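*Asks:* Handing you this structure, nothing more for now.
What follows is calculated from the coordinates using simple rules that are stated; it is not laboratory data. What you are looking at is a predicted structure, and each value in this text was computed from that prediction instead of being measured. Cβ: placed from backbone, ideal geometry, glycine included. Neighbour counts: every protein chain shown.
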Amino acid sequence: MSVKTRDNARRVLVLGSSSSYRRALLERLGIPFDVSAPQIDERVLASETLATAALRLAEAKARAVAASYSNALVIGCDQIASCAGAPIGKPGTRESAIAQLTRMSGQMVVFHTGVALVDAATGRSSGRLVDVTSTFRRLTREEIVAYVDRDQPFDCAGAVRSEALGIALFERIASDDPTALIGLPLIALTDLLRAEGIDVLLGDSGFAARRDTKP
């Protein structure tokens, strides 16, 4: 199967993210793609819920990257963790990571993950929101400090690197898409791609491989 636009040129698939975790997830599908980091204001608006913000920001990231392409499908992603209704972002530092995990110890935390797909040629957009509801173990300070020093999850929402040692922080996890917790819900994404006529199971996605990946 070859996917072509009206001008008969092969499209490029672009991951609009600087996340190495999302890049590794997308590589599982075995299709060629570019990577381009979006530059947008990621603040949550006062008028929106955290779930709405995650989906809006995912689309905004995709559109920001799509502006640099004429013939591409661009994937945008965003994740916001929520504890007791309050947002929890990426800690950035060791001290913030310890503070976040201390706050989440024994609590229910929802990870809102938005994924969007934007057609640069037409401006058409589609998206999905996938929630992961988790319950954290009651963690001692010693456990939290040991985890932070070993995994150094400073660039992960809620200081949780779930694909590594961070999985041991949880008592239980519930979601329709197990990859959503890492930041790119692949089940939802493959549904969005299928709606564009792209069946990743068939192998030949029709996407062109490019070497001029943008920073």
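*Asks:* Across the Cα atoms of the chain, what radius of gyration and what greatest pairwise Cα-Cα distance (Dmax) are found, in Å?
*Replies:* Final numbers for Rg and Dmax: 17.9, 60 Å.
*Asks:* Further, regarding this structure: How much mean residue ellipticity at 222 nm does the chain get from its helices, if each DSSP H run of length 4 or more adds -39500 (n - 2.57) and you divide by all residues, to the nearest 500 deg cm²/dmol?
*Replies:* Values: 5 runs with 57 residues, N = 215.
Helices in the chain give a 222 nm mean residue ellipticity of -8000 deg cm²/dmol.
*Asks:* Quick one: check the C-alpha center-to-center distance for segment 142-203 versus segment 112-139, whole angstrom.
*Replies:* Each part reduced to its Cα centre gives a spacing of 11 Å.
*Asks:* Give the residue list of trypsin sites (Lys or Arg not before Pro) in segment 52-124 that are DSSP loop and have at most 16 other beta-carbon atoms within 10 angstrom. Write out the running numbers ahead of the final one.
*Replies:* Details: sites: Arg56, Lys61, Arg63, Arg94, Arg103, Arg124; in loops: Arg124.
Here the sparse-neighbourhood loop sites are Arg124.
*Asks:* Over segment 12-202, what is the relative contact order in percent, taking alpha-carbon pairs closer than 8 angstrom and at least six residues apart? Walk me through the intermediate numbers first.
*Replies:* Working: 395 pairs, mean separation 41.3, N = 191.
RCO, segment 12-202: 22 percent.
*Asks:* Around Phe136, with a cut-off of 13 angstrom between Cβ atoms, what is the net charge of the other residues, counting Lys and Arg +1 and Asp and Glu -1? Let's see the in-between values first.
*Replies:* On the way: positive: Arg103, Arg137, Arg138, Arg172; negative: Glu143, Glu171.
Net local charge, Phe136 excluded: +2.
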